Each structure stands twice: as C-alpha cells, then as structure tokens.
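Here the structure comes first, spelled out in structure tokens, and everything after it is commentary.
The values are calculated or read from the model by the stated rules, or taken from the named source; none is laboratory data. Just so it is clear, the structure is predicted and the values come from calculations on it, not from any experiment. Reconstructed Cβ throughout: ideal geometry from the backbone, glycine too, with neighbour counts over all protein chains shown.
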Amino acid sequence: MRTAEIQRDTRETQIFVAVNLDGTGEAKLASGIPFLDHMLDQVARHGAIDLTVRAKGDLEIDAHHTVEDIGITLGMAIAKAVGDKKGIRRYGHAYVPLDEALSRAVVDFSGRPGLEFHVDFSRARVGEFDVDLTHEFFQGFVNHALATVHIDNLRGENSHHQCETVFKAFARALRMALEPDPRAAGVIPSTKGTL
C-alpha cells in the first residue's frame with residue numbers, strides 16, 4: 001500500500017496529514033477552516049485517496065499560514081507515499097464542470113516544482129474563506145510534492161463553483177497521474193531514468 005504520514009510543526013501551525021494513494025476516497029478532516037475541509041473532501045473523494053488532515057493554526061490572525069501549511073504537508077505526504085515513482089502514469093489531466101463553471105488541471109510528477117495558476121475569481125471570499133489562499137495551497141503543494149501543476153478556470157461566475165471545480169479537476173488529474181500503469185510496471189516514466 002502506498003501510504004504516508006507527516007507531522008509538520010512550526011510556531012504558526014501544527015499539521016498532521018495521512019494519505020493512502022490506493023484508497024477509496026475516505027476523508028477525516030479537521031483543518032479549522034470549514035470551506036477548506038469541503039475542498040479537501042473533493043480531493044479525497046475524486047482522487048480516490050484516503051486522506052486525514054488535522055490542523056491547529058493561528059486562525060486568530062487569519063487562515064493564510066494554516067492553508068499554506070496544509071498544502072505543504074499534503075505535498076510532503078504524497079511525495080513520500082509515491083516513493084521512487086516506478087510504474088506510475090506520471091501525467092494526469094482533467095476537466096470538471098459545476099453548473100456554469102469549468103476548470104482544467106494538468107499534473108506532472110516531474111520531480112520539479114512548478115505552478116501555473118490562472119483563476120480569476122468572481123469575488124474575493126466564499127463565506128469567510130479568502131479565495132487568494134487557494135493559490136497558496138497549491139504553491140505549497142507543488143513545492144513539496146515536487147510536481148508541476150497547471151490550473152485554469154476556463155469560465156465561471158460563482159466563486160464557490162470556480163473553487164470547487166479547481167479542486168475537483170486537481171483531484172481527478174492527481175488520481176490519473178498516480179495510477180499504476182500496467183504497461184510500465186516497475187519502470188520510472190522518464191528517459192532520464194529518474195524523477
């Protein structure tokens with residue numbers, strides 16, 4: 001089983017993340033940020049990843065450190081669980097609609113962190129959640145998963161729908177990229193021989 005647990009503690013946050021890349025989408029989430037828990041539930045469910053997140057952060061300041069550090073810790077956990085990347089598909093992509101909104105995500109477990117994030121949210125907040133923090137989550141993730149991720153919201157008028165399609169598309173692309181490739185079992189998917 002491709003599993004990992006990471007505990008990451010700083011003076012601003014204490015984050016625990018556990019993943020099972022071969023799970024069924026079960027989520028146990030307690031970030032302290034209800035909308036983020038809703039988005040992480042999408043990652044688990046649509047990524048078919050069992051995901052546990054427990055976080056304590058300086059939410060009395062704002063949610064920035066907690067959201068970013070959960071992205072970092074999730075990236076670390078997935079990198080640990082995927083290991084040497086032998087036999088994975090490496091690349092994944094997905095388009096996901098939700099009513100008027102449509103987003104695309106493309107993932108490459110390249111060993112090189114990179115984020116292209118193109119989302120023009122229709123408003124600055126979804127409830128109490130600052131949508132700018134979505135970028136911070138994904139930046140933290142790519143830096144520590146050592147993955148390249150391109151995210152584009154192609155259309156949308158409702159910022160909740162825009163954000164949800166982003167996370168769902170990311171989850172589906174992640175699922176595809178991490179799937180075992182039966183035609184390349186035990187092979188690192190790179191002409192360099194390493195990722």
Open item on the list: Could you check segment 81-103 and list, in sequence order, the residues that are touching a Gly at 6+ places or on another chain (Cβ under 7 Å) and of a type in the set (Gly, Ala, Ser)?
Closed with: Gly87, Ala101
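Of all residues in segment 159-184 being under 24 Å from Gly25 (Cα atoms) and surrounded by fewer than 16 Cβ atoms within 10 Å (Cβ to Cβ), which is nearest to the chain's Cα centre (by Cα)? Working first, answer last.
Residues of segment 159-184 that are under 24 Å from Gly25 (Cα atoms), as a first pass: 160-182.
Pick out the ones that are also surrounded by fewer than 16 Cβ atoms within 10 Å (Cβ to Cβ) and you get 180-182.
Working: Pro180: 19, Asp181: 21, Pro182: 24 Å.
It comes out as Pro180.
Residue by residue through segment 36-48, note down the ones that are surrounded by fewer than 21 Cβ atoms within 10 Å (Cβ to Cβ) and either closer than 12 Å to Gly127 by Cβ or not hydrophobic (A, V, I, L, M, F, W, C) (or both).
The initial filter retains those residues of segment 36-48 that are surrounded by fewer than 21 Cβ atoms within 10 Å (Cβ to Cβ), namely 37-38, 41, 45-46, 48.
If the condition is that a residue be surrounded by fewer than 21 Cβ atoms within 10 Å (Cβ to Cβ) and either closer than 12 Å to Gly127 by Cβ or not hydrophobic (A, V, I, L, M, F, W, C) (or both), then Asp37, His38, Asp41, Arg45, His46 are the ones that fit.
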- [ ] Scan segment 115-145 for residues that are on the phi > 0 side of the Ramachandran plot and in contact with a strand residue (DSSP E or B) (Cβ under 8 Å, 6 or more places away or on another chain) and jot them down.
- [x] none
TODO: Among the residues of segment 97-114, write down those that are touching a residue at least 60 places away in the same chain (Cβ under 8 Å) and either in a loop (DSSP other than H, G, I, E, B) or in contact with a strand residue (DSSP E or B) (Cβ under 6 Å, 6 or more places away or on another chain) (or both).
DONE: Asp99, Glu100, Leu102, Ser103, Arg104, Ala105, Val106, Val107, Asp108, Phe109, Ser110, Gly111
TODO: Test each condition in (1) assigned to a strand (DSSP E or B); (2) at pLDDT below 95 for Gly186 and report the one that comes out false.
DONE: (1)
Open item on the list: I'd like to verify a number: residues in segment 106-128 that are surrounded by 14 or more Cβ atoms within 10 Å (Cβ to Cβ) and in contact with a Leu (Cβ under 7 Å, 6 or more places away or on another chain), how many?
Closed with: 5
Open item on the list: I want to confirm something. Restricting to segment 1-11 and keeping residues that are in a loop (DSSP other than H, G, I, E, B) and in contact (Cβ under 8 Å) with a residue 24 or more places away in the chain, which single residue is nearest to Gly71 (Cα to Cα)?
Closed with: Thr10
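Scan Gly156, Gly140 and give me the residue that is buried (at least 17 other Cβ atoms within 10 Å of the Cβ) and farther than 18 Å from His64 by Cβ. Write out each step before concluding.
On the way: Gly140 fails: farther than 18 Å from His64 by Cβ.
Only one candidate passes the filter, namely Gly156.
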- [ ] List the number of the failed condition for Ile88; all other conditions in (1) under 20 Å from Thr134 (Cα atoms); (2) surrounded by 18 or more Cβ atoms within 10 Å (Cβ to Cβ) hold.
- [x] (1)
